[in-house]
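The values are calculated or read from the model by the stated rules, or taken from the named source; none is laboratory data. All values derive from a computational prediction rather than experimental measurement. For neighbour counting, all protein chains shown are included, and Cβ atoms are generated from backbone atoms with ideal geometry for every residue, glycine included. Keep in mind that these areas ignore ligands, DNA and RNA; they rest on the heavy atoms of the full protein, side chains included. Shrake-Rupley method; radii C 1.70, N 1.55, O 1.52, S 1.80 Å.
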Amino acid sequence: GAWLCTVAAAVLASVESRQGSIRGLVYASGFQNVKQLYALVCETRRYSAVLDAVIANAGLLQAEKKLRPHLAKVLVYDLLLGGGFRGGRGRWKRLLHRHEARLKAELARLKVHRGVSRNEDLLEVGCRPGPAVQVPRFVRVNTLKTCSDDAIDYFKRQGFSYQGQASSLEDLRALKGKCFLLDLLLPELLVFPAQTDLHEHPLYQAGHLILQDKASCLPAMLLAPPPGSHVIDACAAPGNKTSHLAALLKNQGKIFAFDLDAKRLASMATLLARAGVSCCELAKEDFLAVSPSDQRYRQVQYILLDPSCSGSGMLTRQLEEPGAGAPSKERLHALAGFQQRALCHALTFPSLQRLVYSTCSLCQEENEDVVRDALQQSPGAFRLAPVLPSWPHRGLCTFPGAEHCLRASPETTLTGGFFIAVLERVEVPG
């Protein structure tokens with residue numbers, strides 16, 4: 001029993017890192033009951049997104065540090081969706097027994113959210129999160145113009161009820177009516193119920209508030225450039241992340257922002273002016289054509305690279321175009337090629353210390369694969385920085401260290417779909 005689950009987890013990990021087909025790996029494992037193993041791996045893989053959500057919401061990997069993600073998936077599949085627990089009578093059974101009630105409750109809640117009654121119906125939703133998972137309205141306080149306390153007071157005077165800082169995702173999930181919270185992670189992020197519309201709000205119009213999903217606030221926060229530093233925002237439009245960088249810099253230092261789309265750059269200039277950004281140089285330029293040896297960029301220690309991507313994680317896109325979650329193989333190949341070139345190019349800037357690579361895509365080809373290839377192309381120069389250990393949703397384990405990457409999704413983090421990797425230069429002892 002326990003051995004079956006252990007072998008299944010190993011096969012699952014190898015399939016995800018593209019080391020072979022399920023069938024080939026199952027036979028190569030030397031496990032006696034081939035049929036049983038094949039079925040367990042296939043079913044676990046089929047329910048992968050559901051299991052990710054349940055495991056993250058139940059906090060299983062945070063509570064059980066020794067439990068590896070693939071084994072957790074297999075064991076939880078077996079417990080909740082398989083025909084009864086086959087994980088043996090040993091430590092795994094005891095471990096899962098401790099979390100059984102919580103795991104079952106999370107699965108039940110997922111069904112309620114999706115409006116389905118049978119486990120199989122959870123698969124019907126395909127790979128796109130339906131509108132059933134309500135993502136709260138996140139609002140970033142623009143510290144170039146105001147501070148969180150003043151913004152909170154303004155909302156209180158408008159009759160909103162302030163509930164303090166959230167202590168769990170549970171608090172965010174429970175938000176209703178005219179209530180709001182301070183996010184548990186970002187000190188300048190306010191959280192309102194999903195239906196709150198603030199586009200007409202005077203503080204938004206005045207540039208004191210930026211309507212920005214929580215996941216899209218993480219790149220600037222994790223890049224964390226100190227005031228006075230020089231930063232490149234490689235593919236900058238529409239500009240929310242650029243204005244966030246400027247706020248972290250307190251308008252001291254310099255942001256070189258590039259984008260190729262003239263229309264988007266024009267609206268970005270308006271957004272930055274409204275947000276009070278004065279440290280940014282905008283240029284209509286292809287980042288790949290920006291020369292790392294240009295003297296203007298010799299002090300650039302920080303780069304934010306958020307390249308064009310399939311957008312398969314974007315909520316609006318999924319709700320408006322069902323099925324938009326799955327871009328064509330050709331489009332993915334072209335996008336990943338560009339992302340790959342942009343990341344390798346960024347890593348050649350001579351003073352670079354830290355880089356954040358992010359996408360609003362759910363596809364491995366645009367995320368873990370791009371990061372893995374870039375790290376392989378400059379061996380030993382950069383490494384993945386371990387960030388936000390408490391963040392529940394990690395990168396797919398497709399290469400060693402991929403667990404340092406972050407993923408986000410409506411089910412697991414109550415945000416849009418997102419991917420983030422933080423690369424830092426490896427200090428050469430000298």
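Scan segment 286-303 residue by residue and report those that are closer than 18 Å to LEU352 by Cβ and part of a loop (DSSP other than H, G, I, E, B).
Those that are closer than 18 Å to LEU352 by Cβ and part of a loop (DSSP other than H, G, I, E, B): VAL290, SER291, PRO292, SER293, ASP294, ARG298, GLN299.
Considering segment 342-378 alone, what residues qualify as being open to solvent by 50 Å² or more (accessible area, probe 1.4 Å) and among the aliphatic types (A, V, I, L, M)?
LEU362
Anything in segment 56-78 that is assigned to a helix (DSSP H, G or I) and open to solvent by less than 10 Å² (accessible area, probe 1.4 Å)? List them, or say none.
Matches in segment 56-78: LEU60, ALA72, VAL74, LEU75, VAL76, ASP78.
Scan ARG46, ARG18 and give me the residue that is among the charged types (D, E, K, R), surrounded by fewer than 22 Cβ atoms within 10 Å (Cβ to Cβ) and closer than 15 Å to CYS397 by Cβ.
On the way: ARG46 fails: closer than 15 Å to CYS397 by Cβ.
Residue meeting the stated conditions: ARG18.
Table: residues versus (1) of a type in the set (A, V, I, L, M, F, W, C); (2) within 20 Å of HIS70 (Cβ to Cβ); (3) at pLDDT below 90.
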residue	(1), (2), (3)
TYR357	no, no, no
ALA402	yes, yes, no
PRO410	no, no, yes
THR415	no, no, no
VAL428	yes, no, yes
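Between LYS104, LYS145, which is farther than 26 Å from LEU61 by Cβ and either modelled with pLDDT of 85 or more or touching an Asp or Glu at 6+ places or on another chain (Cβ under 9 Å) (or both)?
LYS145
Counting residues that are more than 17 Å from LEU189 (Cα to Cα), which helices (runs of 4 or more DSSP H) fully inside segment 208-281 reach at least 3?
Per the criteria, 262-274.
For ALA408, state whether it is surrounded by 19 or more Cβ atoms within 10 Å (Cβ to Cβ), aliphatic (A, V, I, L, M) and within 19 Å of LEU218 (Cα to Cα).
Numbers: surrounded by 19 or more Cβ atoms within 10 Å (Cβ to Cβ): yes; aliphatic (A, V, I, L, M): yes; within 19 Å of LEU218 (Cα to Cα): yes.
Yes, satisfied.
Considering only residues that are in contact with a Lys or Arg (Cβ under 8 Å, 6 or more places away or on another chain) and not small (Gly, Ala, Ser), which ones fall in segment 7-39?
Once the filter is applied, which keeps residues that are in contact with a Lys or Arg (Cβ under 8 Å, 6 or more places away or on another chain) and not small (Gly, Ala, Ser), segment 7-39 yields LEU12, VAL15, ILE22, TYR38.
Can you name the condition, by its number, that THR270 falls short on among (1) at pLDDT 95 or above; (2) open to solvent by 50 Å² or more (accessible area, probe 1.4 Å); (3) of a type outside the set (D, E, K, R)?
(1) is the only condition that THR270 fails.
Kindly evaluate ALA381 against the criterion of being open to solvent by less than 30 Å² (accessible area, probe 1.4 Å) and more than 21 Å from VAL54 (Cβ to Cβ).
So ALA381 does not fit the description; no.
Can you tell me which residue among LEU218, LEU222, LEU265 is more than 26 Å from CYS363 (Cβ to Cβ), touching a Leu at 6+ places or on another chain (Cβ under 9 Å) and of a type in the set (A, V, I, L, M, F, W, C)?
Every option except LEU265 fails the conditions.
Of all residues in segment 411-430, which are in contact with a Lys or Arg (Cβ under 6 Å, 6 or more places away or on another chain), over 18 Å from ALA342 (Cα atoms) and open to solvent by less than 20 Å² (accessible area, probe 1.4 Å)?
Answer for segment 411-430, where residues must be in contact with a Lys or Arg (Cβ under 6 Å, 6 or more places away or on another chain), over 18 Å from ALA342 (Cα atoms) and open to solvent by less than 20 Å² (accessible area, probe 1.4 Å): just THR415.
Identify the residue in segment 237-252 that is touching a helix residue (DSSP H, G or I) at 6+ places or on another chain (Cβ under 7 Å), of a type in the set (A, V, I, L, M) and modelled with pLDDT of 95 or more and, among all such residues, is nearest to ALA346 (Cα to Cα).
Per the criteria, the residue is LEU245.
How many residues does segment 224-238 hold that are closer than 19 Å to ILE420 by Cβ and not hydrophobic (A, V, I, L, M, F, W, C)?
Total meeting the criteria: 3.
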